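Working notes, beginning with the structure itself.
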Amino acid sequence: MKLNIIGKRKLFFTISIVAMVCVLLITIFIGPKLDIQFKGGSIATYSYTGNLTPEEFGKTVKQFLGQDVTVQQQENNVTGQMSMVVSLTSDQNLTTEKQAALLDELQKTYADNAIEASGVNNVDPVMGKEFLKKCLVAVVFASVIMVAYIGFRFRKIGGASAGIVSVIALLHDVLIAYGVFVLMGFTINDNFIAVVLTILGYSINDTIVIYDRIRENKRYYGNKMELGELVNMSINQCLRRTVTTSLTTAMALLCICVVAVMMNVTSILSFAVPMMVGVISGLYSSVFLSGSMWTLWQEKKAAKAKA
């Protein structure tokens, strides 16, 4: 079956625009949850004995402080001592008075668990902001290198335009992954940066394969075939390979998600879910957006030259 991708490009452009608007609305009404290293706050560690779950411990801390907290359970491999690590993201650090009052409340609530404060660290967001700036610089630098590489490799078919279109498609995938982070309530942390950089490296693969096929068909057919028809044929020739590769990767990530849910490993889940959606989004942008946008660019360029 041959898909008329170029002929229906307005439909695919509309779908992407609607998706971007949804991401914008999600950002406005839900808003991203920034990690403590980006927003600042406090990390408090409390040792305990007996049985205690992070859920009930976190509920007690949340009710006392009146704001959301993240609680992780950890065990000292040497001593076997169990501890609860409370991360409090806030513009204001946990003061000494609040620390003492919170410890008193925990000791009263869990009188049989021998709650003790092991340490409280106030986190400055400066380092996190510097890390984020460096990551953004890396993303911009990678985008420039991609445009230069694609522009040189596919210079015979208007390489610069192909490179710019590829980066636009990648930004589309990154925004979709960001929307998943916000919608699922995942914290914007190191995992988000890892997802973005991985998507940039992965999604460009399928687009380059399609461009390569367009170049080969352009060399073979020359001007005997209209540009839109040639691009549509090239995409369809790569379709099976592109879909198979992306779906195989997405299925592997889905397995990781299932294991992460079963083992309650949030850190892995917050990477695997956005990455899985990013892979599917990369498949969509490579097949339905990149070639269509590049064709539209070339058609506008030819019409302008003719005029």
When residues of the range 65-108 are filtered for being part of a loop (DSSP other than H, G, I, E, B), surrounded by 15 or more Cβ atoms within 10 Å (Cβ to Cβ) and in contact with a helix residue (DSSP H, G or I) (Cβ under 7 Å, 6 or more places away or on another chain), how many remain?
1
Mind listing whichever residues of the range 109-135 are out of contact with any helix residue (DSSP H, G or I) (no Cβ under 9 Å at 6 or more places or on another chain) and of a type in the set (A, V, I, L, M, F, W, C)?
A111, V126
By residue number, the members of the range 109-121 that are of a type in the set (A, V, I, L, M), closer than 18 Å to E55 by Cα and either in a strand (DSSP E or B) or open to solvent by less than 40 Å² (accessible area, probe 1.4 Å) (or both) are I115
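Matching residues to (1) under 21 Å from the mean Cα position of the chain (by Cα); (2) in contact (Cβ under 8 Å) with a residue 60 or more places away in the chain:
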{"position": "E97", "(1), (2)": "no, no"}
{"position": "S118", "(1), (2)": "no, yes"}
{"position": "N121", "(1), (2)": "no, yes"}
{"position": "V126", "(1), (2)": "no, no"}
{"position": "K129", "(1), (2)": "yes, yes"}
{"position": "K133", "(1), (2)": "yes, no"}
{"position": "V140", "(1), (2)": "yes, no"}
{"position": "S143", "(1), (2)": "yes, no"}
{"position": "V147", "(1), (2)": "no, no"}
Go through the range 178-196 and give me each residue that's assigned to a strand (DSSP E or B) and open to solvent by less than 20 Å² (accessible area, probe 1.4 Å).
I188
Among residues belonging to the range 122-160 that are outside any helix (DSSP H, G or I) and surrounded by 14 or more Cβ atoms within 10 Å (Cβ to Cβ), point out the one that is modelled with the highest pLDDT.
F154
What residue, of M233, M276, M262, is part of a helix (DSSP H, G or I), exposed (fewer than 14 other Cβ atoms within 10 Å of the Cβ) and not aromatic (F, W, Y)?
M262
First in the range 31-52 and on the phi < 0 side of the Ramachandran plot and open to solvent by 30 Å² or more (accessible area, probe 1.4 Å), second anywhere and modelled with pLDDT under 80 and in a strand (DSSP E or B), Cβ under 9 Å, 6 or more apart
K33/T89; L34/T89; D35/T89; Q37/V123; K39/T89; K39/V123; I43/N122; I43/V123
With the structure loaded, tell me whether I199 is farther than 21 Å from L253 by Cβ, among the aliphatic types (A, V, I, L, M) and either surrounded by 22 or more Cβ atoms within 10 Å (Cβ to Cβ) or free of Cβ contacts under 8 Å to residues at least 40 places away in the same chain (or both) or whether it fails that test.
no
Looking across the range 202-224 at residues that are closer than 21 Å to F271 by Cα and surrounded by 16 or more Cβ atoms within 10 Å (Cβ to Cβ), the single one that is farthest from the chain's Cα centre (by Cα) is I204
Among the residues of the range 176-187, is any under 16 Å from I208 (Cα atoms) and in contact (Cβ under 8 Å) with a residue 12 or more places away in the chain?
no
Got a sec? Which of L247, L283 is assigned to a helix (DSSP H, G or I), open to solvent by 10 Å² or more (accessible area, probe 1.4 Å) and in contact (Cβ under 8 Å) with a residue 40 or more places away in the chain?
L283
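The values are calculated or read from the model by the stated rules, or taken from the named source; none is laboratory data. Since the structure is predicted, the reported quantities are computational estimates derived from the model, not experimental observations. Here the Cβ is made from the backbone with ideal geometry for all residues, glycine too, and neighbour counts use every protein chain on show. Ligands, DNA and RNA are excluded from the accessible area calculation, which covers all protein heavy atoms including side chains. Shrake-Rupley method; radii C 1.70, N 1.55, O 1.52, S 1.80 Å.
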